[in-house]
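Contents: one structure, followed by commentary.
The values are calculated or read from the model by the stated rules, or taken from the named source; none is laboratory data. The structure presented is a predicted model; accordingly, all values stated were derived computationally and were not measured. When we count neighbours, we look across all protein chains shown, and the Cβ atoms used for this are built from the backbone with ideal geometry, even at glycine. Note: accessible area is taken over every heavy atom of the protein model, side chains too, but ligands, DNA and RNA are not part of it. Shrake-Rupley method; radii C 1.70, N 1.55, O 1.52, S 1.80 Å.
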Amino acid sequence: MEQFDVRTPSHACMVDITDRVSRVVADSGIEEGICYVFVPHTTAGLTINENADQTVQSDILNRLDKIVPWRDGYEHAEGNSAAHIKA
Amino acid sequence: MEQFDVRTPSHACMVDITDRVSRVVADSGIEEGICYVFVPHTTAGLTINENADQTVQSDILNRLDKIVPWRDGYEHAEGNSAAHIKA
Amino acid sequence: MEQFDVRTPSHACMVDITDRVSRVVADSGIEEGICYVFVPHTTAGLTINENADQTVQSDILNRLDKIVPWRDGYEHAEGNSAAHIKA
């Protein structure tokens, strides 16, 4: 199992980890198999997109913010319930 | 493959199965690998949360109920469409 | 790894691939294991449902269309942002 840290600049953003995952796969020397990518942080999720057009990212983030608004009377005192729900 | 039953007291709730999964993993004797947890019921899903604060559970359940209301003109006669959709 | 193509008749629909996946599993000769099904298209997703009642499909599709409307001021020029988000 290989691990790496990811930093997020804001409370709702996408971070492209393709290169880092690709390097782990290349270094493993395995040519056919499943690379299982898991984020243990419960306020972060994983998605796959070809990222050919950056507006797809903003469309996804904007829509998610409409479905799960950042502030909306949540009880959880840390204030990050929206991130838990989206994740 | 190990199996166990989970009972749900209401139509929208969270049931902590961490201990039961941990026991299966411990009993397997495997020290590094992937534990694949699958729920065959199509009105139930799986999520991971550290459960440090119970309000995260209620915030998640309340928000899901807003996104997918229990009653909202669904056609499926069993009346559990919301659960199928959330799952 | 086995591959097959799936055609979608409209921009929001469900295509039952159970038989095709079952055939791949049967042909593999493997009796216990995990069949990992992956769709590389980033405007398509996978779900599991027993499909005993076709109205579950329409209830799911209708609700998803309410949560992520097909047209709603998205920026992505290809016009398929809703499909990216739903996927």
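Shortest first, in nm, what separates the label point of A:Ser58 from those of the same position in the other copies (7 Å along Cα→Cβ)?
3.8, 3.8
Nm distances between the label at C:Val39 and the same-position labels in the remaining copies, 7 Å along Cα→Cβ, shortest first?
Copy-to-copy label distances at C:Val39, shortest first: 2.2, 2.2 nm.
Taking a label point 7 Å out from Cα toward Cβ, give me the nm distances from C:Ile17 to the same spot in the other copies, shortest first, one decimal.
2.4, 2.4
Tell me the per residue accessible area of chain B using a 1.4 Å probe; a whole number in Å² is fine. Could you put the intermediate results ahead of the total?
Numbers: 6430 Å² over 87 residues.
Accessible area per residue: 74 Å².
At the nearest 100 Å², what buried accessible area, both sides summed, do you get for C and A when the probe is 1.4 Å? Kindly include the intermediate steps, with their values, before the conclusion.
On the way: alone 7700 and 7700 Å², together 14120 Å².
Interface area, both chains combined: 1300 Å², rounded to the nearest 100.
Please give the direction-averaged projected area of the C-alpha convex hull for segment C:9-51, in square nanometres with one decimal. Please report the intermediate quantities before stating the final value.
Details: hull surface 15.9 nm².
Orientation-averaged projected area of the Cα hull: 4.0 nm².
What figure in square angstrom, to the nearest 10, would you give for the accessible area of C:Glu2 with a 1.4 Å probe?
140 Å²
May I ask for the net charge around C:Pro69, where only other residues with Cβ less than 13 Å from the Cβ of C:Pro69 are counted and Lys, Arg are +1 while Asp, Glu are -1? Walk me through the intermediate numbers first.
Numbers: positive: A:Arg63, A:Lys66, C:Arg63, C:Lys66, C:Arg71, C:Lys86; negative: A:Asp59, C:Asp65, C:Asp72.
My count for the surroundings of C:Pro69 gives +3.
Could you state the angle between the C-alpha long axis of helix A:54-67 and the longest principal axis of the C-alpha atoms of chain A, as a value from 0 to 90 degrees rounded to the nearest 10?
40 degrees
Could you tell me the relative contact order of chain A? Use alpha-carbon pairs under 8 Å, at least six residues apart, and round to a whole percent. Walk me through the intermediate numbers first.
Details: 40 pairs, mean separation 27.5, N = 87.
Here the relative contact order equals 32 percent.
If you place +1 on the Cβ of every Lys and Arg and -1 on the Cβ of every Asp and Glu, how big does the dipole about the Cα centre of chain C come out, in debye to the nearest 20?
Details: 7 positive and 14 negative charges, 70 e Å.
Dipole about the Cα centre, nearest 20: 340 debye.
Considering the rotation that carries chain B onto chain A, locate the chain B residue whose Cβ comes closest to its axis and report the distance in whole Å.
For chain B, the closest residue to the axis carrying it onto A is B:Ile67, 3.
Which aspartates and glutamates, if any, have their Cα less than 12 Å from the Cα of B:Lys86, not counting same-chain residues under 8 positions apart?
The qualifying aspartates and glutamates are B:Asp65, C:Asp59.
Could you work out how far helix B:18-28 tilts from the main Cα principal axis of chain B, as a 0 to 90 degree angle to the nearest 10?
So the helix axis and the longest Cα principal axis differ by about 30 degrees.
Can you list the aspartates and glutamates whose alpha carbon is less than 12 Å from that of B:Lys66, not counting same-chain residues fewer than 8 positions off?
A:Asp72
Carbon and sulfur: what percent of segment A:29-87's accessible surface (1.4 Å probe)? Before the final figure, lay out the partial values.
Numbers: 1960 of 3880 Å².
Of all accessible area on segment A:29-87, carbon and sulfur atoms account for 51 percent.
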